[in-house]
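The values are calculated or read from the model by the stated rules, or taken from the named source; none is laboratory data. Everything numeric in this text was worked out from a predicted model, so none of it was measured. All Cβ positions, glycine included, derive from the backbone under ideal geometry; neighbour counts span all protein chains shown.
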Amino acid sequence: MTNPLRILILGAGSGIAQATARLYATEGAVIGLAGRNVERLSAIADDLKVRGATKTDIFEVDFTAADAAATIGVMIGKLGGLDHVILAYGVLGDQALAERDWAAARQIIDVNFRSAAAWILAVADVLEHQGRGSLVVLGSVAGDRGRRSNYVYGATKAGLSTLVQGISHRFRDRGPRAVIVKPGPTDTAMTVGMTKGGPLWATPEAVAAVVRKAADRGSLVVYAPGRWRLIMAIIRAIPAIVFNKMNF
Ligand SMILES: NC(=O)c1ccc[n+]([C@@H]2O[C@H](COP(=O)([O-])OP(=O)(O)OC[C@H]3O[C@@H](n4cnc5c(N)ncnc54)[C@H](OP(=O)(O)O)[C@@H]3O)[C@@H](O)[C@H]2O)c1
C-alpha cells in the first residue's frame, strides 16, 4: 500500500464520484480527476484540497473519443503511479427515444459500454502488469434484469458487470482487484426529474461509502446500498410470465 494513495477517477464530475473523491481526500490521497468539464473539475479539485487531498490533477477527457491505453499512461505519469481507479461516468439516456432512434440507443451503448470497456481493459493491463491496485466500476441494479423502462441502459450495465467479473477472475492470484458496484436509484444529476425519496433511494454519500470500501476489500460484485442484493435476487427470481405483467 502506497502512502499517499494515488486515485484516478474516470467521470469525476458525477455525483457519486464527487462523494467518493471527498472520502479519498480526507485520507490525504493524490486524486486524478478525469472528465469533460474542466471548469467543474477545477471547482471539485479546490474543494478536495481543502478537505485534505495531497494533490489533485485534472485531465480533460471525452471518454468516447480518447485513446484509453495511451491516455492512461499519461495520467499515471502525472499522478506518479496508480493505486485505485474508479470508473464512474455514464449516461441514463432516453429509453423511449432509444427504441425508435438508433443514434440515441447507440450513444447510450457507446458511452456506457463501448468506451467504458476500452478504459476498463486498458486499466486492467496496467494493474496486471504492476501486480497490484484496484479497479472499481459503477454498474447498476438495472443490469440485473431487463425491464421496459430502461433496458438499453440496463443492457450496457449488464455487459460491464460481465466484463468486470471476467477481469476479477483473470486477476486471480495476480494481485489486483476488480469490483463491480451496482447502485440502486441515487439522488444525483442522472436522476434529476424523477420523483425521489422513500426507502429505495440512496444519497451519493451512501453509495460512495460502498465504493470506497469495495476498493479495499469484500465481494467482487457489490450492491449499493447492500439491501439491493436481496431485492435483486427476488426480482431475478420472478418468472417472466409474472414479471412482464408488472408495470415498472
Ligand atoms: N444515479 C443513479 O441513480 C445511479 C444508479 C445506478 C448506477 N448509477 C451509475 O453510477 C455512475 C455514476 O452515476 P451518477 O448518478 O453519479 O452520474 P452523474 O452525476 O449523472 O454524472 C455522470 C457523469 O458522466 C460524465 N460523462 C458522460 N459521458 C461522458 C463522456 N463521453 N466523457 C466524459 N464524461 C462523460 C458526465 O460528464 P458531463 O457533466 O460532462 O456530461 C457526468 O459527469 C454511472 O455509471 C451511473 O450509470 C447511477
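Here are the numbers:
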| read-out | value |
| --- | --- |
| Selection within the range 92-105 - surrounded by 14 or more Cβ atoms within 10 Å (Cβ to Cβ) and either within 16 Å of the ligand (Cβ to nearest atom) or in contact (Cβ under 8 Å) with a residue 60 or more places away in the chain (or both) | LEU92, GLY93, ASP94, GLN95, ALA98, ALA104, ALA105 |
| Only one of GLY93, GLY154, GLY81, GLY146 that is of a type outside the set (Lys, Arg), part of a helix (DSSP H, G or I) and modelled with pLDDT of 95 or more | GLY154 |
| Pairs, first without any contact (Cβ under 8 Å) to a residue 24 or more places away in the chain and under 24 Å from VAL91 (Cα atoms) in the range 1-27, second in a helix (DSSP H, G or I) and within 16 Å of the ligand (Cβ to nearest atom), C-beta under 8 Å, six or more apart | none |
| Tally, over the range 25-46, of residues that are part of a helix (DSSP H, G or I), over 19 Å from the mean Cα position of the chain (by Cα) and of a type in the set (D, E, K, R) | 2 |
| Hits in the range 19-46 - residues which are of a type outside the set (A, V, I, L, M) and either more than 10 Å from the ligand (Cβ to nearest atom) or surrounded by 22 or more Cβ atoms within 10 Å (Cβ to Cβ) (or both) | THR20, ARG22, TYR24, THR26, GLU27, GLY28, GLY32, GLY35, GLU39, SER42, ASP46 |
| Matching residues in the range 129-143 - criterion: being within 17 Å of VAL211 (Cβ to Cβ), away from the ligand (no atom under 16 Å from the Cβ) and in a loop (DSSP other than H, G, I, E, B) | GLY133 |
| Residue check for VAL74: farther than 23 Å from THR156 by Cβ, without any contact (Cβ under 8 Å) to a residue 40 or more places away in the chain and more than 20 Å from the chain's Cα centre (by Cα) | yes |
| Qualifying residue in the range 161-175 (condition: hydroxyl-bearing (Ser, Thr, Tyr), near the ligand (Cβ under 8 Å from one of its atoms) and within 22 Å of GLY15 (Cβ to Cβ)) | no |
| Helices (runs of 4 or more DSSP H) (entirely within the range 158-248) containing at least 1 residues that are touching a Gly at 6+ places or on another chain (Cβ under 9 Å) | 204-216, 227-237 |
| Residues of the range 47-74 satisfying the condition of being more than 12 Å from the ligand (Cβ to nearest atom) and part of a strand (DSSP E or B) | LYS55, THR56, ASP57, ILE58 |
| Enumeration of residues in the range 89-112 that are acidic (Asp, Glu) and farther than 17 Å from MET194 by Cβ | GLU99, ASP101, ASP110 |
| Pairs where the first residue, in the range 135-155, is touching a residue at least 40 places away in the same chain (Cβ under 8 Å) and of a type in the set (Ser, Thr, Tyr) and the second is part of a strand (DSSP E or B) and within 11 Å of the ligand (Cβ to nearest atom), C-beta under 9 Å, 6+ apart | SER140/LYS182; SER140/PRO183 |
| All positions within the range 65-85 that are surrounded by 15 or more Cβ atoms within 10 Å (Cβ to Cβ) and either out of contact with any Phe, Trp or Tyr (no Cβ under 8 Å at 6 or more places or on another chain) or within 18 Å of LEU23 (Cα to Cα) (or both) | ALA66, ILE76, LEU79, LEU82, ASP83, HIS84, VAL85 |
| Verdict on VAL126 being β-branched (Val, Ile, Thr) and within 15 Å of the ligand (Cβ to nearest atom) | no |
